[in-house]
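J.: Structure below; questions to follow.
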Amino acid sequence: MKRWLALAVLIAVAAVLPLLLSPTGYWIRVLTFTLLFAAMAQAWNLIGGLANQTSLGHAAFFGIGAYTSTILLLKFGISPWLGMFAAGALGGLAALVIAIPTLRLQGHYFALATLAFGEVMRVIANVWAPLTGGPGGLSVPFTPPSFAGYSFKQLLPHAYIALGALIIVTGIFEVIRRGAMGYRLRAIRENQAAAEVIGIDTTKVKLQTAVISGVLMAMLGTLYAQVAVFFDPDTVFSAAAISIRVALIAILGGVGTAAGPILGALFIIPVEELMNDLFSAGAAGLSQLIFGAILIAVILWKPRGFITLWDALRARFARGETR
Amino acid sequence: MSKMLPRAGLSRRSLLAGTASLLASPMIGNAARAEAKPVNIGVIMPLSGANAQFGINSRNGIELVADEINAAGGIKALGGAKINLIVADSTSTPTTAGTVAQRLISQNEVTGILGAFASSLTIAISEVTERRDIPLLTMSFADQITGRGFKNIFQVVAKASALGKAQLDYTLAIAQAAGTKIDKIAIMYEDTAYGTAQANGLRAAAKAANVEVAMDDAYPLGITDTTPLINKLRASGAQAVFPVSYLNDSLLIIRTMRQQRITMPAIGGAAGYVIPDFEKGLGEFAEGVLSIAPANYDLAPDLTERFRKRFGYFMVHEALEHAVALDVLVQAIEKAKSAKAEDVAAALRGAKFTGGWTRAMTGGAVQFDSTGLNVLSVPVMVQWRNKELVTVWPKDVAKATAEWKS
Amino acid sequence: MSFVQAIIDGLLVGGVYAVISIGLTLVYGVMGIVNFAQAEFLMIGMFVSWFAWAYLGLDPVLAAPLSFAVSFAIGWVVQGQLISRVLKAPSVAQIFLTVGLLIVLENGALLTFGSQFRSVVTSYQTMSLSLGALFVSVPYLIAFAMSLACGVALWWFMRTSWFGRAMRATAQNPMAAQLMGIDTALMYKMAFALGVGLTAFGGAVILPYVAVFPGVGGQFVVLMFTVVVLGGLGSVAGAVVGGLAVGVIQALSSLVFPIQLQNLVLFIVFILVLAVRPQGLVGARR
Amino acid sequence: MNAVTPLLEIKGLHAGYNEVDVLHGIDLEIRDGEFVCIIGANTAGKSTILRAISRLVPRVSGTLRFAGADLTGRAAHEVPALGIAHVPEGRHVFPDMSVEDNLMLGAFTARTAGDLPQRMQRIFELFPRLRERRGQLAGTLSGGEQQMVAVGRALMLQPKLLLLDEPSHGLAPKVVEEMHDAFVKIHSGGTSILLVEQNVGLALDVATRGYVLETGRITLQGSSAELGQNPAVRAAYLGI
Amino acid sequence: MTILDVRGLSKRFGGLQALSDVTFTVPRGQIVGLIGPNGAGKTTFFSTLVGLIRPDSGSIKLGDTSLVGMKPHKVAALGMTKTFQNVALFAESSVLDNVLTAGLLRFDVATAREQALICLDRVGLKSVAHKLAGDLSFPERARVELARALCTGPKVLLLDEVMAALNPVEMQEIMDLIRSLRDDGLTLLVVEHHMRAIMTICDRILVLNFGKLLADGTAQQVANDPVVIEAYLGRSAEAHT
């Protein structure tokens, strides 16, 4: 319950914060990306946390989402609001296609097969130039600002859309986690054979989760495209910048919990920015080096994520109460 | 390393300043200061990741010019204001490049931005600078950069398609001068924005010149074995090959060609073929290799030798072009007599700049058309001669006659 | 003819893929950790070899043992100070520790060595043997032979020495290995150091034809994972089979498809193999 | 009998894995040449005693001495060199190695001894089935054969003390009997044995002395005959 | 009335014939014991029945439905499930959640929770419903496993060594429970090493050896079968019977 209270406070802060930041400025951009990455990590958390399948290929769905809505906008003038649903449909389809051969893989094999799938999508986007613009990338056209057209002059609406997305994805995550599906996923995670003999269709449950995760990730790809405005295959299908980073955020925060991805994003994205700001002018590589060192330190310190910090605090607090 | 600390210090201070202004509203911005308030100029380059080398070269070129101007008394129209470079790492992710641009604009109130070598990074930055009316000067040569109707972007070199076209046309001319007629060529290029755009130019030029393209293959970036490419090249029967690639692939391609005893001329597409490491890697086998280049240091040795003196290697073209970009930006500030971004952008549009570093460009000056493209810039053909790059074409700027061995 | 040429080329490259990937599979096999930073040791090996060439005049092939030794020492420290602390942590924490290590090593190299590409000039860099219409590149052949020698040496070591036997025992059952009097912590250090050392060795032998720069690992990392997973994680024989298979698939695919699609073909084969044989071609238990 | 210094001396042993103690002050000793068993219910902590001796338990306190040497300060891999061989519950053979390699590894700390082939011959005499299967991968053997490998592997050390943890678990009654016959032979060859066994009837059959362990405490001890006659033991463990 | 009908069931793993032409039928409401030396194929047999392992040949019928090729969750939905020899609980979930999850086969979450509590009550573990399954003692865990299987609402229940590691008192409790389940109409197949327990509760005993069905009969018949004694029971059987 207290965790929910904290979440509510967090959301309230996030709701007010954008208003305090300069609407055309830097920090609101950082905030928007933080919220977006939190939502992406939350979408990943469905398959990575609840089903315990560490996907390292979520950029595939993300990129499909970014490309789908942008291509629809460029070629047919379809508003990204609608394009987002087309993106979700294609993302879900892609998740289904990749899930069929990979879902029976265990652990590292699954992780590496999905990593390869992300790369496959990147190569396809690179090669299929007539549709995707190839390696040159796509620019989202600068249309007159309108809500229906999903075009804004300032970043403020984007920040709120990202916040809304985070709340929705987190809500979906919680509903699944607490419902029958959540029970089934936990059962599969802890003992697949036992789950099967007590009547859980493990393939179906994992497939459903993978598809939901893929749909959400693709829809978030649309939102990202609208904020970033320009992207190329290397950006949205990037293993390092999307797939691995999204997993990292969820894991650093605390995998399988609703608050984990949010904590992770609130840490990773601003720290990356801060490192770049403070050190990148100094010596090439220094900021990244420090970021990597911080990453190592955090993992050595809290291998199960920041959420354990919260749990420890709460435990101490609870003990204090009973005394 | 000795330079690292003060610069990092500056940046940290600027962060604090930015945060302070964030909290205390923009009131502080125009507070009366000494006349010589420094002019902030953003430099966004890939300082880490795959393109780091080129980002660092570019930064070196920019720093050279900035230090020279500051040493010569700063910007005169602004009472000798010093140039204050705000250098930031774009990494190799366009979104990060955009965020960095946003930061420099919001927190450092930059007058203009220079960057960011790779076209994808430059495009991402331009999406930010365009919306905030900040001039962005670049040497990235993707066609899209000035092809989108943006008002605040300025491309100091010819476009990639023009580069590709020149790569072919100059070659035909050089061969013809040597008495060879070329009617069958091979194109191989890395499948990046740079590679594909330049290959498009090559292809179009070949079609226009009625030259058969016997091989036309893209290959994945970061390829570690070019044998399949060279096998295919050997089978193609081409008279000359046009590889468009970065250094590692360039070395692989040339070495594998030599292993298979293929002697046809290779005419590189800039990038990997026009940096000192190309010669260092190949030694004697680099001798005589031709390449197209957007500019070359031997056109203004008096200027570019300062770079060699300070950094120990010849002034590579990205350093040179970024140096020119800074010089042009400063000239525009002088002209506008203002460090306000809008004023400077207005002074850049459609204007012609001469003197200073612009002499190092073909055409001896820089003039932007309405799209922001430098219309005076013409690519040059360079050839490796005794560890140096020598301009061999077009004839009016050539420092030596091209050697052609077919 | 081009088919035979492609097979030859594929095998030559594949042999090198095998040796750089054996290290990855060894680390996984002994301690169950997928080391995302493995390819960075390839980079370290290449740098060591480059400096040996530039300042000592050593041919990269002769400098390979030096690359091995330096990486071995770094690996020893990394295992003892970092990896050993997460051996019991969730596997995702292990993965991301090595991701952190990757970032640190790559950017550490950027800070220390700078960003430029460095390449060696060897007397044989443009030499080749010709067999009729077939060409066999000398640098590739040397790299292949060195890799082969290294692989055989490792195999011999693992099969016949007490140390190798102890290491295999640790891989199969660390608790029982301790009961035999085997210092498993030492074996872990040894395996990690040996694993990254081998990869560095592979880096040195390819230096005559691949230039080194801080990001060079990135060009090999996905390839190494493909090799290892295709062969079967943890299986040394699998890495050899996987390496050769990847080399040959790449070479053959370029006969049929555009070279641009080389990796696409490779990854699709990879995913299909996993779909049919989830344990890889030479499946290890686990 | 020289009873002054026992071969193994345990006093006030506490041990546990997480925050909870499994053992709450165990006193136990084995004199040279004895065959001692520990019996008790499954969760009483019997295995933990053996694992504490072999230093596999993360947290121990109390006295733990073997042939005059203090065990508590040592790492697990240093224990075999002192002459203690441990056959763990569940056998834990090295599945991807041949029977021969498994046996050789048993003598890892004695690898410089020149008589390893002779030692192996002795194992083959004890378990002739292993001679037939010497080249086979241990993981492909039946449960009983794997148990033979596990015991044979431990004997390769020529230990002073052999720790046997539930050697009958999961084996068919007939194989269990063969196994226990082998233990009697090993013991008569001069090796001291500490046996942990759930099959109380068989344990008291082969051992000369026994301890009864209940929830981490020794509640009874005595000769096997005494324990076998004890009404509490008979009711609780023999089902009589 | 026959509820389970198995004919000619065979399964080979590489060089090992795990099951070889196993044929038998079970009428509704019987407790059938399954014994045999380790490696005889008992666990493989159970796994094959519930669909975890696909047989090479043979037929399995539950009532009138053929099960071969069916996934375990379908088999469970049709009314046959098993427990695991080494206890395969969801260790990081509560005891209640373990059992509740099984109830989801037939009910929504709320109803499944009620059902789970009933099942836990039946095995006498209602008091530990909110403990983590992984924190229980081994005998308790075996009972949770039993409750979980019960909560799927089975017609046929396969118990794989649920009495391992129990003391005689605990064993008696489980035996009573098994009998009461049989009295409720359940059919049970029981793999067990404890001869005494098997002989006491089973209406009938099957003996497996190297994948073959060696004997099929009452406790008395099996115990006196010389083939069985030779292959499996050995001296101790003589001593105990």
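The values are calculated or read from the model by the stated rules, or taken from the named source; none is laboratory data. Because the structure is predicted, anything quoted here is derived from the model rather than measured. Here the Cβ positions follow ideal geometry from the backbone for every residue, glycine too, while neighbour counts run over all protein chains shown. Areas reflect the complete protein model, heavy atoms only, side chains present, ligands, DNA and RNA absent. Shrake-Rupley method; radii C 1.70, N 1.55, O 1.52, S 1.80 Å.
J.: Could you put C:Asp59, B:Asp133, E:Asp135, B:Asp89 in order of accessible surface area, largest first, with the 1.4 Å probe and the full protein assembly present?
T.: The ordering from most to least exposed comes out as E:Asp135, B:Asp133, C:Asp59, B:Asp89.
J.: While we're here: I need the calculated FRET efficiency for the pair D:Lys11 and D:Ala225, taking r as the beta carbon distance and R₀ as 25 Å, to the nearest 0.05.
T.: In this case the efficiency is close to 0.45.
J.: What number does region E:9-92 give for Rg over Rh if you use C-alpha atoms and the Kirkwood radius?
T.: Radius of gyration relative to Kirkwood radius: 0.96.
J.: Using a Gaussian network for chain A with springs between C-alpha atoms less than 10 Å apart, which of these wobbles most: A:Leu56, A:Leu138, A:Leu278?
T.: Between A:Leu56, A:Leu138, A:Leu278, it is A:Leu278 that shows the largest mean-square fluctuation.
J.: Could you tally the net charge around A:Pro303, taking each other residue with its Cβ under 11 Å from the Cβ of A:Pro303, Lys/Arg +1 and Asp/Glu -1?
T.: My count for the surroundings of A:Pro303 gives +4.
J.: Bin all alpha-carbon pair distances of region A:1-50 at 10 Å intervals from 0 and give each bin's fraction as a whole percent.
T.: Result returned by the calculation: 23, 40, 31, 7.
J.: From largest accessible area down, sort C:Trp155, C:Trp162, A:Trp4; use a 1.4 Å probe on the protein chains.
T.: C:Trp155, A:Trp4, C:Trp162
J.: Where does each of B:90-103, C:36-49 land if you order them by average Cβ count within 10 Å, highest first?
T.: Top to bottom by mean Cβ count within 10 Å: C:36-49, B:90-103.
J.: Sticking with this one: So which trypsin sites (Lys or Arg not before Pro) in region B:358-396 are both in a DSSP loop and have at most 14 other Cβ atoms within 10 Å of their Cβ?
T.: The qualifying sites are B:Lys387, B:Lys395.
J.: Summarise the partner chain shielding of A:21-34 as one whole number: the mean count of Cβ atoms from other chains within 10 Å of each residue's Cβ.
T.: Whole-number average of other-chain Cβ neighbours for A:21-34 is 4.
J.: Quick check: net charge around B:Ser120, other residues with Cβ under 10 Å of its Cβ, Lys/Arg +1 and Asp/Glu -1?
T.: -2
J.: Using only the alpha-carbon atoms, how far is helix E:109-122 inclined from the longest principal axis of chain E? Give it as 0 to 90 degrees, nearest 10.
T.: The angle comes out near 60 degrees.
J.: GNM on chain A, C-alpha springs below 10 Å: top fluctuator among A:Arg178, A:Arg186, A:Arg122?
T.: Of A:Arg178, A:Arg186, A:Arg122, the Gaussian network model singles out A:Arg178 as fluctuating most.
J.: Moving to a separate point now. Any idea how far the Cα center of region C:221-247 sits from the one of region A:164-205, in Å?
T.: What the calculation gives is 33 Å, centre to centre.
J.: Which log10 I(q)/I(0) values, to two decimals, does region D:40-126 give at q = 0.16 Å⁻¹ under the Debye formula with one point per Cα?
T.: One equal scatterer on each Cα of region D:40-126 leads to -0.80.
J.: For region B:360-406, what's the relative contact order in percent, using C-alpha pairs closer than 8 Å and at least 6 residues apart?
T.: Relative contact order of region B:360-406: 22 percent.
J.: Further question: Amide H of B:Ile223: which non-local residues (sequence gap of 5 or more, or other chain) have their own amide H closer than 5 Å, using H built in the peptide plane?
T.: Correct list: empty.
J.: Return the distance in nm (one decimal) between the two label points of a simple spin-label model at E:Asn86 and C:Leu255, each offset 7 Å from Cα along Cα→Cβ.
T.: It works out to 4.6 nm between the two label points.
J.: Before rounding to the nearest 500, sum -39500 (n - 2.57) across all DSSP H runs of length at least 4 in chain A and divide by the residue total; then give [θ] at 222 nm in deg cm²/dmol.
T.: My calculation for chain A gives -24500 deg cm²/dmol from helical runs alone.
J.: Separate question: Between A:Val16 and E:Lys61, what is the spin-label point distance in nm, taking each point 7 Å from the Cα along the Cα→C-beta axis?
T.: With each label point 7 Å from Cα toward Cβ, the separation is 7.3 nm.
J.: Then there is this: Give me the angle, in degrees from 0 to 90, between the Cα long axis of helix E:138-151 and the longest principal axis of the Cα atoms of chain E, rounded to the nearest 10.
T.: That works out to roughly 80 degrees.
J.: Expressed as a fraction of 2.2 N^0.38 Å, the rule-of-thumb size for a compact globular protein of N residues, what is the C-alpha radius of gyration of the protein assembly as shown?
T.: 1.04
J.: Taking Cα pairs under 8 Å and at least six residues apart, what relative contact order does chain A come out at, in percent?
T.: Across chain A, relative contact order equals 30 percent.
J.: Under the definition of partner shielding as Cβ atoms of other protein chains within 10 Å of a residue Cβ, what is the mean value for peptide B:119-127?
T.: 5
J.: Something else now. Given 0.36 nm per residue, what is the gain on full extension from E:Asp108 to E:Phe13 after removing their alpha carbon distance, in nm?
T.: Taking E:Asp108 through E:Phe13 to full extension adds about 30.3 nm, to one decimal.
J.: Where the centre of each part is set by its Cα atoms, how far does region A:73-120 sit from region B:179-235, in angstrom?
T.: Taking the Cα centre of each part, region A:73-120 and region B:179-235 sit 33 Å apart.
J.: Counting other Cβ atoms within 10 Å, which trypsin sites (Lys or Arg not before Pro) in region E:53-105 have at most 13 and lie in a DSSP loop?
T.: none
J.: What is the mean number of Cβ atoms from other protein chains located within 10 Å of the Cβ atom of each residue in peptide B:250-256, rounded to a whole number?
T.: 5
J.: Here's another thing I want to ask about it. Which number do you get for Rg(Cα) / (2.2 N^0.38 Å) in region A:227-267?
T.: So the Cα radius of gyration is 1.32 times the expected 2.2 N^0.38 Å.
J.: If contacts are Cα pairs under 8 angstrom and at least 6 residues apart, what is the relative contact order of chain B in percent?
T.: Taking the mean separation of contacting Cα pairs over the length of chain B, I get 16 percent.
J.: Provide the per-residue ³J(HN,Hα) series for region A:197-213, in order, calculated from phi with Karplus coefficients 6.51, -1.76, 1.60 and θ = phi - 60°, each as a whole number of Hz, with x at glycine and proline positions.
T.: In residue order, the calculated couplings are 6, 9, x, 8, 7, 4, 4, 5, 5, 5, 4, 4, 5, 4, 5, 4, 4 Hz.
J.: Ranked by accessible surface with a 1.4 Å probe, highest first, in what order do C:Phe135, E:Phe107 come?
T.: Largest to smallest exposure gives the sequence E:Phe107, C:Phe135.
J.: What is the sum of charges, Lys and Arg at +1 and Asp and Glu at -1, for the other residues whose Cβ falls under 14 Å from the Cβ of B:Gln239?
T.: That sum, taken over residues with Cβ under 14 Å, equals +2.
J.: Using a Förster distance of 56 angstrom, determine the FRET efficiency expected from the C-beta separation of A:Gln192 and C:Leu134, and round it to 0.05.
T.: Using R0 = 56 Å, I get an efficiency of 0.65.
J.: So what's the angle, to the nearest 10 degrees on a 0 to 90 scale, between helix D:143-155 and the longest Cα principal axis of chain D?
T.: So the helix axis and the longest Cα principal axis differ by about 90 degrees.
J.: My understanding is that a pair violates if its Cα-Cα distance is over 30 Å; which of B:Lys184/B:Lys399; A:Lys75/B:Lys352; B:Lys76/B:Lys309 do that in this structure?
T.: The answer is A:Lys75/B:Lys352.
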